[in-house]
Amino acid sequence: MCGIAGRILREYGQVGADLVELMGAQSHRGADSTGFAIYSDPCSVGYKVRLMGFNRKNLNVDLDEFRLTLKEHDSDLLEEPLIYETEEAHYSVRMLIREPRHLDKWIMDADQIADRIAVQSVGKSLEIIKDTGDALAVADKHQLRTIRGTHGLGHARLATESDVLPDASHPFWARPFPDVAIVHNGQITNYYTWRDRLESVGYRFLTENDSELIAVWISDQMKRGLNQKQALQKSIVEIDGVFTYMISDLNGIGFAKDRFAMKPLVTVEENNELTAATEEQAVRCVLPDALDVINYDGPSMVRIWPVNTQHLKAA
């Protein structure tokens, strides 16, 4: 019964605050955890990295080991990391790193210590922030309302197939592809079949959450030559289950709905902006006067909404 949301602004602005509103209105759909994928000004050098650590007592030791994996791949920190500690055992870290020699190989090495400190996102623009609790609690912990950007995704999770853990919540990063994230409402029934196939060619998964599969699957299809729309259309045929998911990258947000059309999505699309959510009442919390609400209620639906990047400047 999870809730999802997407937001594209016409101009650079308070996308974090809008996503918090959208997810706050859908907290009843899943208060186990809440997460956000936000795209802000791209960095001119290196990558923005979001980490999650699982033992506060060994925070410095684990961060030192993580930094060692960077140095082994001709990378390092470009600034001091920001550490977001909570009352729970886990913590979050934001850092800017120099580009590793080979991003995919560095991620493989970094994932070797994922039981202690795990990469949640890597990108020029993308940052994934997620935690246990509802939208308001997560927003307060991570100062989400102050984050400015162009577009992003949100998710409220009701755990059904895996543990209630902060790293098992959405959004999921399409490791090791930079700046790609997904949120998903539904269930993938051939998850293990596709996971085995992707792992056999070198991809890694850090959780047992079936949603983690989608972002990697789409990105792999695009790596093989499909454009995003073709990959979304193919997913409806190749991925079994009931689902509505949204996928984001630097260029915008796309969505796909399965052949049974059981999971809703409504949008307001005007003036080069997008407001999307599982429920209409959530959309109206951001755009209370909106009249033209589109209900994507048919089977096998695909749509891509582009973002205006002309005003962006490298940070």
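The table for this structure:
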read-out: Test item: Cα-centred dipole of segment 43-123, Lys/Arg +1 and Asp/Glu -1 on Cβ, debye; value: 140 debye
read-out: Pairs beyond 31 Å (Cα-Cα), from Lys105/Lys263; Lys141/Lys223; Lys57/Lys105; Lys71/Lys257; Lys105/Lys257; Lys71/Lys229; value: Lys105/Lys263; Lys141/Lys223; Lys71/Lys257; Lys105/Lys257; Lys71/Lys229
read-out: Angle in degrees between helix 212-223 and the longest Cα principal axis of the chain, rounded to the nearest 10; value: 90 degrees
read-out: Student exercise, the chain dipole from Lys, Arg, Asp, Glu Cβ charges, in Debye to nearest 20; value: 640 debye
read-out: Extension reserve of the Leu136-Arg224 stretch, reckoned as 0.36 nm per residue once the Cα distance is removed; value: 27.7 nm
read-out: Most to least packed among 265-277, 204-216 [average Cβ atoms within 10 Å]; value: 204-216, 265-277
read-out: Proximal charge balance of Pro299 [Cβ under 12 Å; K/R count +1, D/E count -1]; value: +1
read-out: Leading residue at positive end of dipole, segment 43-123 (Cβ point charges), from Ser92, Cys43, Gln112; value: Cys43
read-out: Ranked packing of 32-38, 226-232, most packed first, by mean Cβ within 10 Å; value: 32-38, 226-232
read-out: Separation of the Ala261 and Ile83 label points, Cα + 7 Å toward Cβ, nm; value: 5.2 nm
read-out: Nearest-ten-degree value, helix 228-238 long axis tilted from longest Cα axis of the chain; value: 80 degrees
read-out: Per-q log10 I(q)/I(0), the chain, q = 0.11 Å⁻¹ (Debye; single scatterer per alpha-carbon; no solvent); value: -0.62
read-out: Rounded to 10°, Cα long-axis angle of helix 15-24 versus longest principal axis of the chain; value: 70 degrees
read-out: R0 of 35 Å, Cβ-Cβ distance Leu198-Arg10: FRET efficiency to nearest 0.05; value: 0.45
read-out: Gain on full stretching of the segment that runs from Asp104 to Arg148 - 0.36 nm per residue minus C-alpha separation; value: 13.0 nm
read-out: Only Lys, Arg (+1) and Asp, Glu (-1) charged, at Cβ; segment 140-277 dipole about Cα centre in debye; value: 240 debye
read-out: Cα-Cα P(r), segment 43-123, percent of pairs per 10 Å interval; value: 19, 58, 21, 2
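Every number in this text was worked out from the coordinates using simple rules, so none of it is lab data. None of the values given here were measured: they were computed from a predicted structure. Neighbour counts run over all protein chains shown; Cβ positions are idealised from the backbone, glycine included.
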